[in-house]
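Notes to accompany the following structure.
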Amino acid sequence: MDGEELTEQETALYDRQIRVWGADAQRRLSKSHILVYGMKGAVAEFCKNIVLAGVGSLTLVDDRLVTEEAFSANFLIPPNENVYSGKTIAEVCCNSLKEFNPMVRVLVEKGDLSSFGGEFYDKFDVVVVSCCSVAKKNLINEKCRKLSKRVAFYTVDCRDSCGEIFVDLQNHKYSKQKLEETVECQLQYPSFEEAISVPWKVLPRKTSKLYFAMRVIEQFEEAEGRGVGEISVPDLPGVLKLKKEICEANSLNASRIPDTLLERLIMGAREFPPVCAIIGGILGQEVIKALSGKGDPLKNFFFFDVMDGKGIVEDISNTETGRVAVSRGLTLE
């Protein structure tokens, strides 16, 4: 992304944001390439934000055909059957996103990401995945980590009125302002597989209950051979049974994962649009920080629950002492 200057047209179009984060940061954004898999509501919000910010290109992968359920939280899909009939979600969203910023190339790629080789991922600077099983998240994350260049990896998941973002920037260097000087910083990130493998018994007592609940739901879907979100109220007894087993195996008090929270995640198969807007906004902000190399990035989980009215940042990663960093709370008004 180095060596190319902004064109006069780009400078004029992005004048306001250049005033906020500088011409160098905007240049990095304008030369960046982003891959997105799974066009659900939160991801649609993210794509809108990142296209308006002026990235170089955005490639969408989602071969599912558009259904009525698909546009319940995805504002990029017009509720007009004549527009979406016979088209994939990625194709319809691509057409909508092009209208937001004609200077950004929005493309569609077909296929299963897990079958693509390293040369495919090497074309991108950021990979964002949604609607993925744990196994697929691990596989794609590992493919990104094996590349000779650093590719930022994100997962995003919204269920009912809750949302989760995971971030892996590998070995990330960035700068930030401290008083009147610029400070150079560096953070080391674990992979998704490494992060969720941290023993629960070593996590701080204040760790978000949503972190544990999401892991229980993921393990249930994987054990039952279900797709992401393919669970319903009749599955609640099985989920609660699995929660008890996992808590016992991890020496965790089962009350740390409220049954009512698991019930909400199961019953609310569809995304809650206001939560999608929040999660998509946070994700867009984090990707911009990662690409520009400016500002403290999120490390490494973000959780939002509308019932709590706040977002929580959790650093869940192994350290030399076997402990984990204390979580940081972020209240969203």
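The values are calculated or read from the model by the stated rules, or taken from the named source; none is laboratory data. Just so you know, these numbers come straight off a predicted model, no measurement behind them. Don't worry about glycine lacking a Cβ; one is built from the backbone with ideal geometry, like all the others, and counts go over all protein chains shown. Just so you know, the surface numbers come from the protein's heavy atoms only, side chains and all, with ligands and any DNA or RNA stripped out. Shrake-Rupley method; radii C 1.70, N 1.55, O 1.52, S 1.80 Å.
The single condition from (1) more than 17 Å from the chain's Cα centre (by Cα); (2) under 22 Å from SER32 (Cβ atoms) that ASN141 fails is (1). Checked against (1) modelled with pLDDT of 95 or more; (2) touching a helix residue (DSSP H, G or I) at 6+ places or on another chain (Cβ under 6 Å), GLY238 meets all criteria but (2).
Hey, among VAL106, VAL92, which residue is assigned to a strand (DSSP E or B), closer than 24 Å to LYS48 by Cβ and not charged (D, E, K, R)? Give the steps one after another, and end with the answer.
Details: VAL92 fails: assigned to a strand (DSSP E or B).
The conditions single out VAL106.
Here segment 29-54 is the region considered, the condition is being open to solvent by 10 Å² or more (accessible area, probe 1.4 Å) and in contact with a strand residue (DSSP E or B) (Cβ under 9 Å, 6 or more places away or on another chain), and the residue that is farthest from VAL108 (Cα to Cα) is LYS40.
Does LEU203 count as farther than 12 Å from VAL134 by Cβ, in contact with a His (Cβ under 7 Å, 6 or more places away or on another chain) and among the hydrophobic types (A, V, I, L, M, F, W, C)? Before you say what the answer is, go through the steps one by one.
Details: farther than 12 Å from VAL134 by Cβ: yes; in contact with a His (Cβ under 7 Å, 6 or more places away or on another chain): no; among the hydrophobic types (A, V, I, L, M, F, W, C): yes.
Spelling it out, it is not the case that LEU203 is farther than 12 Å from VAL134 by Cβ, in contact with a His (Cβ under 7 Å, 6 or more places away or on another chain) and among the hydrophobic types (A, V, I, L, M, F, W, C).
So in segment 149-181, with the set limited to residues that are without any contact (Cβ under 8 Å) to a residue 24 or more places away in the chain and under 23 Å from PHE124 (Cβ atoms), which one is surrounded by the fewest Cβ atoms within 10 Å (Cβ to Cβ)?
First, pick out the residues of segment 149-181 that are without any contact (Cβ under 8 Å) to a residue 24 or more places away in the chain: 150, 171, 177-181.
With under 23 Å from PHE124 (Cβ atoms) added as a condition, the list becomes 150, 171.
On the way: ARG150: 15, ASN171: 9.
By that ranking, first place goes to ASN171.
So if I check each of GLU222, GLU184, which one is acidic (Asp, Glu), without any contact (Cβ under 8 Å) to a residue 40 or more places away in the chain and within 30 Å of LYS146 (Cα to Cα)? Break it down into steps so the answer makes sense when it comes.
Details: GLU222 fails: without any contact (Cβ under 8 Å) to a residue 40 or more places away in the chain.
That would be GLU184, the only listed residue that is acidic (Asp, Glu), without any contact (Cβ under 8 Å) to a residue 40 or more places away in the chain and within 30 Å of LYS146 (Cα to Cα).
Would you check which residues across segment 198-209 are closer than 16 Å to ASN250 by Cβ and either within 19 Å of the chain's Cα centre (by Cα) or in contact (Cβ under 8 Å) with a residue 24 or more places away in the chain (or both) and list them? Quick ask: steps written out before the conclusion?
Here is the first cut: in segment 198-209, the ones closer than 16 Å to ASN250 by Cβ are 198-205, 207-209.
Correct list: VAL198, PRO199, TRP200, LYS201, VAL202, LEU203, PRO204, THR207, SER208, LYS209.
Condition (residue is of a type in the set (Asp, Glu), surrounded by fewer than 21 Cβ atoms within 10 Å (Cβ to Cβ) and assigned to a loop (DSSP other than H, G, I, E, B)) applied to segment 122-144: is it met by at least one residue? Yes - at least one qualifying residue is present in segment 122-144.
Run down SER115, SER85, SER57, SER133 and say which single residue is among the polar types (S, T, N, Q) and touching a strand residue (DSSP E or B) at 6+ places or on another chain (Cβ under 8 Å). Don't jump to the end; show me each part of the working.
Values: SER115 fails: touching a strand residue (DSSP E or B) at 6+ places or on another chain (Cβ under 8 Å); SER85 fails: touching a strand residue (DSSP E or B) at 6+ places or on another chain (Cβ under 8 Å); SER133 fails: touching a strand residue (DSSP E or B) at 6+ places or on another chain (Cβ under 8 Å).
Unique residue meeting the criteria: SER57.
Checking VAL233 against (1) surrounded by 14 or more Cβ atoms within 10 Å (Cβ to Cβ); (2) touching a residue at least 24 places away in the same chain (Cβ under 8 Å); (3) in contact with a helix residue (DSSP H, G or I) (Cβ under 8 Å, 6 or more places away or on another chain): exactly one of these is not met. Which one? It is condition (1) that VAL233 fails. Evaluating LYS241 against the criteria (1) of a type outside the set (Ser, Thr, Tyr); (2) closer than 24 Å to GLU45 by Cα; (3) out of contact with any Ser or Thr (no Cβ under 9 Å at 6 or more places or on another chain) leaves one unmet condition, (2).
Of all the numbered requirements in (1) in contact with a helix residue (DSSP H, G or I) (Cβ under 7 Å, 6 or more places away or on another chain); (2) assigned to a loop (DSSP other than H, G, I, E, B); (3) touching a residue at least 24 places away in the same chain (Cβ under 8 Å), GLY111 misses one, and that requirement is (1).
Selection over segment 85-121 of residues that are open to solvent by less than 30 Å² (accessible area, probe 1.4 Å), of a type outside the set (Gly, Ala, Ser) and within 13 Å of ARG64 (Cβ to Cβ) gives a count of 4.
Looking at THR67, is it in a loop (DSSP other than H, G, I, E, B), β-branched (Val, Ile, Thr) and surrounded by fewer than 22 Cβ atoms within 10 Å (Cβ to Cβ)?
Judged against the criteria, THR67 is a match.
Going by the conditions given, is VAL183 β-branched (Val, Ile, Thr), farther than 18 Å from LYS209 by Cα and at pLDDT 95 or above?
Working: β-branched (Val, Ile, Thr): yes; farther than 18 Å from LYS209 by Cα: yes; at pLDDT 95 or above: no.
No: the conditions fail for VAL183.
Hey, does segment 173-191 have a residue that's assigned to a strand (DSSP E or B), within 15 Å of ASN318 (Cβ to Cβ) and over 16 Å from the mean Cα position of the chain (by Cα)? Yes; the residues of segment 173-191 include at least one that is assigned to a strand (DSSP E or B), within 15 Å of ASN318 (Cβ to Cβ) and over 16 Å from the mean Cα position of the chain (by Cα).
Note down all Cβ pairs under 6 Å where the first residue falls in segment 11-28 and is closer than 13 Å to ALA53 by Cβ and assigned to a helix (DSSP H, G or I), the second is among the β-branched types (Val, Ile, Thr) and at pLDDT 85 or above, and they're at least six residues apart or on different chains. Correct list of pairs: GLN26/ILE18.
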